[in-house]
Amino acid sequence: MITVSGRICQVFLLSMFCLCSSLAQTELLDHTDLEENNDLASIETQAASYNSQKSVKLNSAQLEELLSSGLFTISQSDAIMNHRKKYGSFLCLEELQQLKCFTKAELRSLSDFVIIEAGLGELNFTHSRSNISIRHHRLIENSQAYSQKTYAGSPDYLLIRYRVNKTGFYDIGFHLEKDSGEKLIYQKGVLPRFDHQRFYLNFYKSHGPIRQIVLGDFRINMGQGLISNARFNLGNNFNPSGLIRRGQSIYKFSGLDENRFHRGVATKMKLSQSIHITSYLSHKKYDALLIEDESTDQDSISSLQLSGYHRTDTELTRKKNVSVLSYGSIIDIKVKNTQIGLNQQSYKFNHPFLINKSPLRPQGLSQNTSLFSLDIRTDWNSILFFGEWAFNDQLKHALVFGLITSLDPRFDIGLSYRDYSPSYSSFFSGAIGQSSSAQNERGLRLALTYALNKQWSIQYSFDTWLKLKSKNAFIGSKLSSENLLRITYSDKNFLKVYLLFSSRQFPKSVEDILLKAILHKSHSLRLHCSYLPLKGIELRSRLEFSRYSYTAHAERGILTYYEIVYKLTQHKIRARFRMTLFETTSHESRIYAYEQTVPGYYAIPSYSGSGYKVQLIIGLKPLNNLNIDLGYTRISYYDRNEIGSGMDKIMGSEKSQLQTQMVYSF
């Protein structure tokens, strides 16, 4: 009898046989639009678009700005800097082809995020551009929450976005969102009110003393993220430039996160050629669970509720019942090849936090907090040194420093060290580490890439860390660690294959830490192939194995998918179909797979249990300025009769979703 794992291997081998047969019969085609399809690389592309927001100025950006944008490797950034020193400013993006480290596909992807300055303005801003997008999705099957009417609203998700911008002058937008289960509020004679609303007015220019003013919603980026981070965090990844967090100081915020941003006003001013000052003031409300503190007889914050959901009576009672007043400033000083940042941030909650009395857990947030840091970046002989030292008003510190360099045009390397005190915490932090907060961790991270030749490349990343006790003593006798190794073969015309190995060992709970010797271990091995047999058609296939172990217990998993992507501009239609088969012992041996949904959005779902998933996305362009996308997804399980848990439980073995999106530009 053939098991599900056997069927999965058969499907993958059959797909590889078909692909190899196509390779044997197809002449070499000059296609340069082969899509990067490593999950991590795809996420890096999304992060770059999120972080850059059309803000990388090719003729004036410094080395650390090019690297922190996520758009350029170390070798590419060095080549840009050397070209500017030798030949002067770039006149157009296509000039990057002269540097021999950029492909045509890379140049096309950069065109949306790079500005070529010309004098005091930027090229290509003859008039303003506007677009409005409407996105909707819903599950076809109803969960218990809807059948029992526990959720206040319908299962429909609805997002409306509007944006108008004129490059070099202004960028204005608003955003209305209703999550599945939330209720639209209707009032007579008034448009329905969405649960979450966001807006921003971003005014900026490249000359004069006032460089940028943002009213509404924004994020602040300070140093390496020990105090505040505005950027998309990738975790452990191959790109050495991912070690540096520094970028522009103010980002207008148009993302989907309902909590991690400021609401108020932010400004950036240029006092002299070498000194810039950024300052902001914000007042924002958050969801929280309030509990009466018996020692003070006043309501205290037990926990912040950051899911953004307002569906049930309980979630609605906790909605925006805590407010935070925050303000801060950044003084940036540039001396030759060295940049120094002096950062300060203060915030005050209108309720105190319950005191954490556990000696094994780090101290959490406090009602009033002031933070200060010194951030330094210096470029010496193509080696970028960076670091930030931060401390709070209790003199508890956090430290991160490192370097990134290109030892050879084919060899990039980055190294960073971090030391975060258990008593240091910042609500808006996002520095390098295994958690989202810069707290209670000491570790070392290495990332390197090496191109053997035009076809073969090797990428490696290593991260090791220890958790700390309250008095900076190490917990446990073994290091936690994570390794990533990827070997890639790429024929830039039509074929790309890579092999990815990852391993991770770590304590999973406080009890594991106390036992010292117990570590959870997970390993995975992935083989991925992407191929263009004809212009506008791409075939992708993947096989991945996972293994999870804990003491004498071991679990395994396997996943494969086969995907067809069709995209031909002149036909004004695009399509994407994916079939995924998976089988894992339990949730612990789950496997993640990046998937593109409608344009501009992606998901990284985990697969566990036994079953299959199909996904179909069809895009139409009936008019030159109108794009419509329709999507259908269905997942079926062989090993269960119910999906999910709690109020989101669906009775049955199948779950399906419909998606639609319309984008109109004018």
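The values are calculated or read from the model by the stated rules, or taken from the named source; none is laboratory data. A quick note: this is a predicted structure, and the numbers were derived from the prediction, not measured. Neighbour counts run over all protein chains shown; Cβ positions are idealised from the backbone, glycine included. Heavy atoms of the whole protein, side chains included, go into the accessibility calculation; ligands, DNA and RNA do not. Shrake-Rupley method; radii C 1.70, N 1.55, O 1.52, S 1.80 Å.
Determine, yes or no, whether LEU191 is free of Cβ contacts under 8 Å to residues at least 24 places away in the same chain, more than 30 Å from ILE643 (Cβ to Cβ) and out of contact with any Ser or Thr (no Cβ under 6 Å at 6 or more places or on another chain). Before the answer, list the steps.
Numbers: free of Cβ contacts under 8 Å to residues at least 24 places away in the same chain: yes; more than 30 Å from ILE643 (Cβ to Cβ): yes; out of contact with any Ser or Thr (no Cβ under 6 Å at 6 or more places or on another chain): yes.
Here the answer is yes, as LEU191 does meet what is asked.
Open to solvent by less than 20 Å² (accessible area, probe 1.4 Å), in contact with a strand residue (DSSP E or B) (Cβ under 8 Å, 6 or more places away or on another chain), hydrophobic (A, V, I, L, M, F, W, C) and part of a loop (DSSP other than H, G, I, E, B): does that describe VAL598? If you could, list the steps in order and put the result at the bottom.
Working: open to solvent by less than 20 Å² (accessible area, probe 1.4 Å): yes; in contact with a strand residue (DSSP E or B) (Cβ under 8 Å, 6 or more places away or on another chain): yes; hydrophobic (A, V, I, L, M, F, W, C): yes; part of a loop (DSSP other than H, G, I, E, B): yes.
Considered against the rule, which asks whether it is open to solvent by less than 20 Å² (accessible area, probe 1.4 Å), in contact with a strand residue (DSSP E or B) (Cβ under 8 Å, 6 or more places away or on another chain), hydrophobic (A, V, I, L, M, F, W, C) and part of a loop (DSSP other than H, G, I, E, B), VAL598 comes out as yes.
Within the stretch 571-584, can you find the residues that are at pLDDT 95 or above and either closer than 25 Å to TYR550 by Cα or open to solvent by 60 Å² or more (accessible area, probe 1.4 Å) (or both)?
Scanning the stretch 571-584 gives PHE577, MET579, PHE582, GLU583, THR584.
When the residues of the stretch 102-156 are narrowed to those that are among the hydroxyl-bearing types (Ser, Thr, Tyr), crowded, with 17+ Cβ neighbours inside 10 Å and out of contact with any helix residue (DSSP H, G or I) (no Cβ under 8 Å at 6 or more places or on another chain), which ends up modelled with the lowest pLDDT?
Here the answer is TYR146.
What is the residue count in the stretch 380-427 for residues that are part of a loop (DSSP other than H, G, I, E, B), more than 15 Å from ARG442 (Cα to Cα) and touching a strand residue (DSSP E or B) at 6+ places or on another chain (Cβ under 7 Å)? Before you say what the answer is, go through the steps one by one.
Kept after step one, since they are part of a loop (DSSP other than H, G, I, E, B), are these residues of the stretch 380-427: 381-382, 393-396, 409-410, 421-427.
This time we only want the ones that are more than 15 Å from ARG442 (Cα to Cα), so: 381-382, 393-395, 409-410, 426-427.
Adding the requirement that they be touching a strand residue (DSSP E or B) at 6+ places or on another chain (Cβ under 7 Å) leaves 382, 393, 410, 426-427.
Number satisfying all stated conditions: 5.
List, please: which pairs have Cβ atoms under 8 Å, are six or more places apart or on different chains, and start with a residue in the stretch 201-212 that is over 9 Å from LYS270 (Cα atoms) and end with one that is small (Gly, Ala, Ser) and at pLDDT 90 or above?
Close Cβ pairs satisfying both conditions: LEU201/GLY216; GLN212/ALA266.
Consider SER549 carefully, then state whether it is over 26 Å from the mean Cα position of the chain (by Cα), modelled with pLDDT of 90 or more, surrounded by 15 or more Cβ atoms within 10 Å (Cβ to Cβ) and of a type outside the set (D, E, K, R).
yes
Of all residues in the stretch 157-172, how many are open to solvent by 40 Å² or more (accessible area, probe 1.4 Å) and closer than 13 Å to LYS252 by Cα?
Qualifying residue count, the stretch 157-172: 3.
Restricting the search to the stretch 401-420, which residues are open to solvent by less than 10 Å² (accessible area, probe 1.4 Å) and more than 24 Å from MET81 (Cβ to Cβ)?
Selection gives ARG418, TYR420.
Taking the residues in the stretch 63-101 that are small (Gly, Ala, Ser) and modelled with pLDDT of 75 or more as candidates, determine which candidate is least open to solvent (accessible area, probe 1.4 Å). Let's see the steps before the verdict.
The first filter runs over the stretch 63-101 and keeps only residues small (Gly, Ala, Ser), leaving 68-70, 75, 77, 79, 88-89.
Still in the running and modelled with pLDDT of 75 or more: 75, 77, 79, 88-89.
Numbers: SER75: 20, SER77: 0, ALA79: 23, GLY88: 25, SER89: 73 Å².
It comes out as SER77.
Among the residues of the stretch 306-325, are any at pLDDT 90 or above, under 19 Å from GLY216 (Cα atoms), hydroxyl-bearing (Ser, Thr, Tyr) and not in a helix (DSSP H, G or I)?
Within the stretch 306-325, one or more residues are at pLDDT 90 or above, under 19 Å from GLY216 (Cα atoms), hydroxyl-bearing (Ser, Thr, Tyr) and not in a helix (DSSP H, G or I).
Residues being open to solvent by less than 60 Å² (accessible area, probe 1.4 Å) and part of a strand (DSSP E or B): count how many of those fall in the stretch 178-191.
Of the residues in the stretch 178-191, 1 are open to solvent by less than 60 Å² (accessible area, probe 1.4 Å) and part of a strand (DSSP E or B).
Tell me yes or no: at least one residue of the stretch 219-235 is touching a residue at least 24 places away in the same chain (Cβ under 8 Å), crowded, with 17+ Cβ neighbours inside 10 Å and aromatic (Phe, Trp, Tyr).
Looking for residues that are touching a residue at least 24 places away in the same chain (Cβ under 8 Å), crowded, with 17+ Cβ neighbours inside 10 Å and aromatic (Phe, Trp, Tyr), one finds none in the stretch 219-235, hence no.
Could you list, in sequence order, all residues of the stretch 288-325 that are at positive phi and either among the acidic types (Asp, Glu) or open to solvent by less than 50 Å² (accessible area, probe 1.4 Å) (or both)?
Initial filter on the stretch 288-325 (at positive phi): 297, 308, 320.
Residues satisfying the conditions are ASP297, GLY308.
State which residue is farthest from the chain's Cα centre (by Cα) when the search covers only the stretch 192-216 and only residues that are of a type in the set (Ser, Thr, Tyr) and open to solvent by 20 Å² or more (accessible area, probe 1.4 Å). Break it down stepwise before answering.
If we filter the stretch 192-216 for residues that are of a type in the set (Ser, Thr, Tyr), which is where we start, we get 200, 204, 206.
Right, trim to open to solvent by 20 Å² or more (accessible area, probe 1.4 Å) and you get 204, 206.
Values: TYR204: 25, SER206: 28 Å.
Among those residues, the one meeting the criterion is SER206.
For HIS175, are the conditions met, namely being in contact with a strand residue (DSSP E or B) (Cβ under 9 Å, 6 or more places away or on another chain), surrounded by fewer than 17 Cβ atoms within 10 Å (Cβ to Cβ) and either modelled with pLDDT of 90 or more or in a loop (DSSP other than H, G, I, E, B) (or both)? Let's see the steps before the verdict.
Working: in contact with a strand residue (DSSP E or B) (Cβ under 9 Å, 6 or more places away or on another chain): yes; surrounded by fewer than 17 Cβ atoms within 10 Å (Cβ to Cβ): no; either modelled with pLDDT of 90 or more or in a loop (DSSP other than H, G, I, E, B) (or both): yes.
Taking the combined requirement at face value, the residue does not satisfy it.
Looking at this structure, is ILE558 open to solvent by less than 60 Å² (accessible area, probe 1.4 Å) and touching a helix residue (DSSP H, G or I) at 6+ places or on another chain (Cβ under 8 Å)? Step through it out loud before you land on a result.
Details: open to solvent by less than 60 Å² (accessible area, probe 1.4 Å): yes; touching a helix residue (DSSP H, G or I) at 6+ places or on another chain (Cβ under 8 Å): yes.
Yes.
Criterion first (open to solvent by less than 30 Å² (accessible area, probe 1.4 Å), under 20 Å from ILE132 (Cα atoms), touching a residue at least 24 places away in the same chain (Cβ under 8 Å) and outside any loop (DSSP other than H, G, I, E, B)) does GLY611 satisfy it?
On the way: open to solvent by less than 30 Å² (accessible area, probe 1.4 Å): yes; under 20 Å from ILE132 (Cα atoms): no; touching a residue at least 24 places away in the same chain (Cβ under 8 Å): yes; outside any loop (DSSP other than H, G, I, E, B): yes.
Answer is no for this residue.
What are the residues in the stretch 154-172 that are assigned to a strand (DSSP E or B) and farther than 30 Å from SER206 by Cα, if any? Steps first, answer last, please.
As a first pass, look at the stretch 154-172 and keep what is assigned to a strand (DSSP E or B): 157-166, 170-172.
Passing the criteria: TYR157, LEU158, LEU159, ILE160.
Just need a number here: residues in the stretch 326-343 that are within 30 Å of ASP293 (Cβ to Cβ) and open to solvent by less than 40 Å² (accessible area, probe 1.4 Å). Walk me through it before giving the result.
Here is the first cut: in the stretch 326-343, the ones within 30 Å of ASP293 (Cβ to Cβ) are 326-328.
Next, from what is left, pick out any that are open to solvent by less than 40 Å² (accessible area, probe 1.4 Å): 326, 328.
Total meeting the criteria: 2.
If you take the residues in the stretch 237-254 that are touching a strand residue (DSSP E or B) at 6+ places or on another chain (Cβ under 7 Å) and among the basic types (Lys, Arg), which one is farthest from TRP389 (Cα to Cα)?
LYS252
Output the residue which, of all residues in the stretch 483-497 that are farther than 28 Å from ARG556 by Cα and among the hydrophobic types (A, V, I, L, M, F, W, C), is modelled with the lowest pLDDT.
The initial filter retains those residues of the stretch 483-497 that are farther than 28 Å from ARG556 by Cα, namely 490-495.
If we keep only those that are among the hydrophobic types (A, V, I, L, M, F, W, C) as well, we get 494-495.
Values: PHE494: 82, LEU495: 89.
The selected residue is PHE494.
Got a sec? Which strands (runs of 3 or more DSSP E) wholly within the stretch 199-305 have at least 2 residues that are within 30 Å of THR449 (Cβ to Cβ)? Working first, answer last.
Values: elements: 210-220, 250-252, 262-272, 275-286, 288-293, 298-304.
Filter on the stretch 199-305 gives an empty set.
Looking at the stretch 346-367, can you tell me whether even one residue there is modelled with pLDDT of 90 or more, open to solvent by less than 40 Å² (accessible area, probe 1.4 Å), under 25 Å from the mean Cα position of the chain (by Cα) and of a type outside the set (Ser, Thr, Tyr)?
Looking through the stretch 346-367, none of the residues is modelled with pLDDT of 90 or more, open to solvent by less than 40 Å² (accessible area, probe 1.4 Å), under 25 Å from the mean Cα position of the chain (by Cα) and of a type outside the set (Ser, Thr, Tyr).
Among the residues of the stretch 552-567, count how many are more than 21 Å from TYR632 (Cα to Cα) and in contact with a strand residue (DSSP E or B) (Cβ under 9 Å, 6 or more places away or on another chain). Steps first, answer last, please.
As a first pass, look at the stretch 552-567 and keep what is more than 21 Å from TYR632 (Cα to Cα): 552-558.
Subsequent filtering for residues that are in contact with a strand residue (DSSP E or B) (Cβ under 9 Å, 6 or more places away or on another chain) retains 554-558.
Within the stretch 552-567, residues that are more than 21 Å from TYR632 (Cα to Cα) and in contact with a strand residue (DSSP E or B) (Cβ under 9 Å, 6 or more places away or on another chain) number 5.
Listed here are the residues, each with its yes/no results for (1) assigned to a strand (DSSP E or B); (2) at pLDDT 95 or above; (3) farther than 30 Å from TYR424 by Cα; (4) touching a Pro at 6+ places or on another chain (Cβ under 9 Å).
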| residue | (1), (2), (3), (4) |
| --- | --- |
| TYR450 | yes, no, yes, no |
| ASN472 | no, no, no, yes |
| SER477 | no, no, no, no |
| SER481 | yes, no, no, no |
| LEU499 | yes, yes, yes, no |
| LEU532 | yes, no, yes, no |
| LEU543 | yes, yes, yes, no |
